[in-house]
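Peer 1: Following this message is one structure expressed as structure tokens.
We did not get these values from a lab; they are worked out from the coordinates using the rules stated. Note that this is a predicted model, so its numbers are computed, not measured. Here the Cβ positions follow ideal geometry from the backbone for every residue, glycine too, while neighbour counts run over all protein chains shown.
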Amino acid sequence: MGDADKAMECYEEALRVRRKLLGDDHPSLANTLHNMGAVFCESGDPEMAFECLDEALRIRQLIYGEEHLDVADTLQWLGNVFREWEDYDEAVDYFMEALMVKEQLLGEMHLDVANALHN
């Protein structure tokens with residue numbers, strides 16, 4: 001079993017417990033879903049990545065609104081998913097939305113903004 005598989009087992013258990021204890025709209029649940037989506041994306045499973053990241057985005061936008069760094073991070077990962085699917089127009093839309101939020105919250109001269117520009 002590889003590191004990604006081990007990580008995913010831990011995330012799946014955390015997700016199950018958090019859903020049961022905290023409900024479907026808790027920031028901890030969104031964090032777990034976001035992390036699962038990143039692992040799925042990095043391990044070449046964009047479909048599962050999208051499912052996790054889309055739910056994480058829904059929760060984060062519900063809790064934090066549109067302009068929050070956690071929302072921007074999930075948007076950026078969704079851009080990666082669409083890039084994997086070779087839907088470059090959609091990927092650019094997600095990347096640009098993430099970039100705008102990061103620039104607004106952090107300013108143009110920040111490492112996270114530079115990383116968003118790299119995508």
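Peer 1: For region 16-33, check the following and say yes or no: at least one residue is under 25 Å from residue 111 (Cβ atoms) and surrounded by fewer than 21 Cβ atoms within 10 Å (Cβ to Cβ).
Peer 2: Looking through region 16-33, at least one residue is under 25 Å from residue 111 (Cβ atoms) and surrounded by fewer than 21 Cβ atoms within 10 Å (Cβ to Cβ).
Peer 1: Determine the pairs where a residue that is closer than 13 Å to residue 75 by Cβ, located within region 27-51, has a partner that is crowded, with 21+ Cβ neighbours inside 10 Å and hydroxyl-bearing (Ser, Thr, Tyr) with Cβ atoms under 6 Å apart, the partner being 6 or more residues away or on another chain.
Peer 2: Close Cβ pairs (under 6 Å, with a partner that is crowded, with 21+ Cβ neighbours inside 10 Å and hydroxyl-bearing (Ser, Thr, Tyr)) amount to 34/74.
Peer 1: Look at region 72-109 and say how many of its residues are of a type in the set (A, V, I, L, M, F, W, C), touching a Phe, Trp or Tyr at 6+ places or on another chain (Cβ under 8 Å) and crowded, with 22+ Cβ neighbours inside 10 Å.
Peer 2: 3
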